[in-house]
Amino acid sequence: MAVVQERLFGVRLTPTGEIRSSADFDERDAPMYQEINDPVDVLALFEDGTIKPQRFRWKGHVHKVEQVTGRWKTDKGAFRLRHFALMDEEANFFQLAYDERTSGWRLTRVWVE
Amino acid sequence: MGRVNTSRTGRVNTPAVDQVNTYGWPDMPGRVVMHVDMDAFFAAIEEKFLPVIADRPVIVGGTADSRGVVTTANYLARQYGVGSATPLRTAARLCPDATFITSSHGAYADYSHRLVEIFGHFTPRVQQTSVDEAFIDVTGMQRHFDSPVALAKALKQRVRDELGLTCSVGIAPNKLLAKMASSHYKPDGLFQVPPDRVLEWLAPQPVSRLWGIGHRTEQSLHKMSVRTIGDLQAHSIRALERRFGKWGRVMYDLARGTDRSPVRPEGEQPREKSVGNEHTFATDTDDPVLWHATLLALSDRVGRRLRQAELRGRTITLKYRTDDFKTRTHAVTLPAPTSSEQAIFGAACRLLVELHPAGRRVRLLGVSISRLTAQDEGHQAGLFGNNRLERSHSASRAVDRIRDRFGGDAIRRLGAHF
């Protein structure tokens, strides 16, 4: 998966948040979520009262959503954040959040192996 | 209605090896109570989000090198001796191959809320006792389901379909037995206590399985050669009262599976006795500025929770744990009830300054308030409505309104630590 991430993001992400080249990447680093919180462009269907993310673009790469593995909501004052756990077509795992107040999307987490 | 066949173990969701009976509605003429316990709830949610970790030991609570404790371990990790409240660093030693995940409390709270909504489709008599457990009173539902077991199966299926999670269900004539039954076979279990053989079913189980019997009582019982519930059943009520006072009478009833406590839906539950928050420092600290900043943040949270619940309190309790792992609590009672974070903070600071032992670093701080009354109970507004306390209350309410609209992080107290 690290190879896939290197191809996707141009760098490898480490659990401590450092960006390393593949040369000094320690394969023994434990898998974990990387907190990101980047704004992203998302193509989503809003139908039958459900939001269905289809694709998103992050750092110039477009990821096709293969499966939404979980969805939940949290309150942000009078508004809601709608969260999505999802897998792209290359079996990378991400979490996105849709802010109902701003209608904006953020990539909140990436699973790093 | 006749009895339906199932396994001797009572685990009706797996193919039976030995066949005995479970019980229909006519066999349970009194109450029928279910206890639903989600299986490794937080870990199961994380596995659902990340199917790649489902076949690995998963530990939820933080990273392997952080100071906190395990919130939930999945069943694979439990095989290594990791459980809830195990320090994360110990868990990493016990199970070095585990995947550690930081808690997603927002997700867990939402799944918990949806779980209670599912239960509410069956009956409104639902008492949620924690984020992942609930009692459900299903008495009188024979018109809708052939048997209590059929109802429990439908409920389990609905939880699986809508949330993708498994739960274990216990069925019994009361809450005590239902809770014991739900933990009888986990995960994904379903067990019905035989209503005509309650004493026999209880007898071989250790006394510690009865609620309210903690380590100390268990030790006292062991000294009386009482190790199983059957041993406890052999003692007379007088003997138990002589040894344990009123608690002896309660134990006598528990040992016979007697529990009359009702399933109390939200809204019928007694008022909370206290409201509190605590914080563990990332590293032990002897910095008084950091202590006070933390007390300010904790007081702010306690005050907001009081106002949200429309409560005020009089007794402020400070809890602190020093670097020698000694935990102390000290309390002060105010002349009048309050929900003001300033009043709470002031009292907590005084307690810390007066009572903190010199030379010790602090590991944990906690602030709580008790002797609660309703907000409009026994409160007298200032005669002219402009005294300091009133101004402080109206400032707190203004901050509440901002947070209600824009979220908890929208406005913060200057100097608060977290």
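The numbers here are math on the coordinates, done by the rules we state, and not lab data. Everything numeric in this text was worked out from a predicted model, so none of it was measured. So basically every Cβ, Gly included, is an ideal-geometry build from the backbone, and we count neighbours across all protein chains shown.
Quick one: if the Förster radius is 35 Å, what FRET efficiency do B:D284 and B:R371 give, using the C-beta to C-beta distance and rounding to 0.05? Write down the numbers at each step before the final one.
On the way: r = 32 Å, r/R0 = 0.90.
For R0 = 35 Å, the calculated efficiency reads 0.65.
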* Structure fact -> Using alpha carbon centers only, segment B:51-81 is separated from segment B:276-331 by a whole-angstrom value of 28 Å
* In segment A:39-113, trypsin sites (Lys or Arg not before Pro) in a DSSP loop with at most 16 other beta-carbon atoms within 10 Å -> A:K59, A:R101
* Between A:A30 and B:I237, what is the FRET efficiency for a Förster distance of 56 Å, r being their Cβ-Cβ separation, to the nearest 0.05? -> 0.50
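Work out which helices of chain B, taken as complete DSSP H runs, extend at least 20 Å along their axis over the Cα atoms and score a mean Kyte-Doolittle of 1.0 or more, then list them. If you can, show how the numbers build up before the last one.
Values: long enough: B:105-122 (26 Å, -0.20); B:148-163 (22 Å, -0.23); B:288-308 (30 Å, -0.08); B:341-355 (21 Å, 1.03); B:388-406 (27 Å, -1.27).
TM-like helix candidates: B:341-355.
Roughly speaking, what % of Cα-Cα pairs in chain B are separated by over 28 Å, rounded to a whole number?
62 percent
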* Mind computing the radius of gyration and Dmax over the alpha-carbon atoms of segment B:200-255? Å is fine for both. => 9.8, 27
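For segment B:239-288, which GluC sites (Glu not before Pro) pass both filters: DSSP loop (anything but H, G, I, E, B) and at most 10 other C-beta atoms within 10 Å? Present the calculation step by step, with values, prior to reporting the outcome.
On the way: sites: B:E241, B:E266, B:E268, B:E272, B:E278; in loops: B:E266, B:E268, B:E272.
In loop regions of segment B:239-288 (DSSP not H, G, I, E or B), the sparsely surrounded GluC sites (Glu not before Pro) are B:E266, B:E268.
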* Considering amide H positions built from the backbone, and no H for Pro or chain starts, which residues 5 or more places from A:V40, or on another chain, come under 5 Å of its amide H? -> A:W105, A:R106, A:L107
* For segment B:147-231, which trypsin sites (Lys or Arg not before Pro) are in a loop by DSSP, counting at most 15 other Cβ atoms within 10 Å? -> B:R197, B:R227
* Asked: For q = 0.07, 0.09 Å⁻¹, what log10 I(q)/I(0) does the protein assembly as shown give under the Debye formula with an equal point scatterer on each alpha carbon and no solvent?
  -> -0.52, -0.88
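Which values, in whole Å and largest first, are the semi-axes of the equivalent ellipsoid of segment B:108-265 obtained as the square root of 5 times each eigenvalue of the Cα gyration tensor?
Numbers: eigenvalues 210, 51, 39 Å².
Square roots of five times the eigenvalues give 32, 16, 14 Å.
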* Range of Cα positions in segment B:21-137 per principal axis (Å), largest first -> 53, 33, 25
* Structure fact -> Quick calc of log₁₀ I(q)/I(0), segment B:73-117, Debye, one scatterer on every Cα, no solvent, q values 0.13 1/Å, result -0.38
* Cα radius of gyration and Dmax for segment B:274-406 (Å) -> 15.4, 50
* Put a dot 7 Å past each Cα toward the Cβ at B:L199 and A:T50; how far apart are the dots in nm? -> 5.4 nm
* List the lysines whose alpha-carbon lies under 28 Å from that of B:K48, not counting same-chain residues fewer than 8 positions away? -> A:K52, A:K59, A:K64, A:K73, A:K76, B:K153, B:K156, B:K179, B:K186
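Two decimals is fine: what's Rg over Rh for segment A:36-113, C-alpha atoms, Kirkwood radius as Rh?
On the way: Rg = 11.9 Å, Rh = 12.6 Å.
The Rg/Rh ratio comes out at 0.94.
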* Asked: Do the sum for chain B: with -39,500 (n - 2.57) for every DSSP H run of n ≥ 4, divided by all residues, what is the mean residue ellipticity at 222 nm, to the nearest 500 deg cm²/dmol?
  -> -11000 deg cm²/dmol
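Starting from the Cα-Cα distance between B:R89 and B:W247, subtract it from 0.36 nm times their residue separation and give me the gain in nm to one decimal. Before the final figure, lay out the partial values.
Details: separation 158, 0.36 × 158 = 56.88 nm, distance 3.85 nm.
Roughly 53.0 nm would be gained on extension.
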* **Karplus-derived 3J(HN,Hα), 6.51/-1.76/1.60, for each residue of segment A:55-70, Hz, glycine and proline x** => 8, 9, 10, 9, 6, x, 9, 9, 10, 8, 6, 8, 8, 8, 8, x
